[in-house]
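Read-outs: derived from the displayed coordinates by stated rules, not from any lab. Computed from a prediction, not measured in an experiment: that's the story for all the values here. Cβ atoms come from the backbone with ideal geometry, glycine included; neighbour counts cover every protein chain shown.
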């Protein structure tokens, strides 16, 4: 019964939103088309402003991966993480997640395809994916879109939150499924 209700809501959520938003705009006498065009123009201008930051970040990620630096970092971290019960198979995901959402999603997909979603590694990888953030991407896009060049303590704070998310993921999955 509950699953059927949730499926119905899921099926109708987007069409209802697409109908409700213009309807509310008409009721409030908002010039809908003009507002949409102004928003699209602003979005385009924002995209053009942040494009150099995104390109630089994507190039840096590829250099990091292709140079073998990520593999060296995993080898460096392995002795410590193995003592903590972290399988080496999830370390690439933990390293790439702050850098690239699509790269992390591709790694998660590979991990789930290789080890299965119900394995310890699959559950840990899924939890890491959900408990961490694409820190560099978020800082690049949001800070770049408003012209902030000095990120000060934001990067350190965000990376610390990612580390905590990783550690808590390991602890929770080990406690529940270990």
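Once you've got the GNM for the chain with C-alpha springs shorter than 10 Å, pick whichever of 149, 41, 29 has the biggest mean-square fluctuation.
Of the options given, 29 has the highest mean-square fluctuation.
Would any residue of the range 90-127 have its amide N under 18 Å from a label point 7 Å out along Cα→Cβ of residue 167? List them or say none.
Output list for this probe position: 91, 94-95, 98.
What order do you get for 19-27, 112-120 when each peptide is scored by the mean count of other beta carbon atoms within 10 Å, highest first? It would help to have the intermediate numbers written out before the result.
Numbers: 19-27: 11.4, 112-120: 13.8.
Highest mean packing first, the order is 112-120, 19-27.
In percent, how large is the relative contact order of the range 53-177, given Cα pairs closer than 8 Å and 6 or more residues apart?
Working: 111 pairs, mean separation 33.3, N = 125.
The normalised contact order for the range 53-177 reaches 27 percent.
How high is the FRET efficiency between residue 78 and residue 6 when r is their beta carbon distance and R₀ equals 41 Å, given to the nearest 0.05? It would help to have the intermediate numbers written out before the result.
Working: r = 41 Å, r/R0 = 1.01.
E between residue 78 and residue 6, to the nearest 0.05, is 0.50.
Could you let me know the centre-to-centre spacing of the range 1-39 and the range 57-92, using Cα atoms, in angstrom?
43
Compute a Gaussian network model of the chain, connecting alpha carbons closer than 10 Å, and tell me which residue from 58, 99, 16 fluctuates the most.
16
If I fit a long axis through the Cα atoms of helix 69-83 and take the longest principal axis of the Cα atoms of the chain, what angle between them do I get, 0 to 90°, rounded to 10?
60
Pick from 106, 78, 40: which is most flexible by mean-square fluctuation in a GNM of the chain where alpha carbon atoms under 10 Å apart are linked?
Judging by the Gaussian network model, the answer is 40.
First check a/c for the chain, with a ≥ b ≥ c the square roots of the eigenvalues of its C-alpha gyration tensor; if it is under 1.5, answer rounded, and if not, answer prolate when a/b is larger than b/c or oblate otherwise. Walk me through the intermediate numbers first.
On the way: a/c = 2.64, a/b = 1.41, b/c = 1.87.
Verdict is oblate for the chain.
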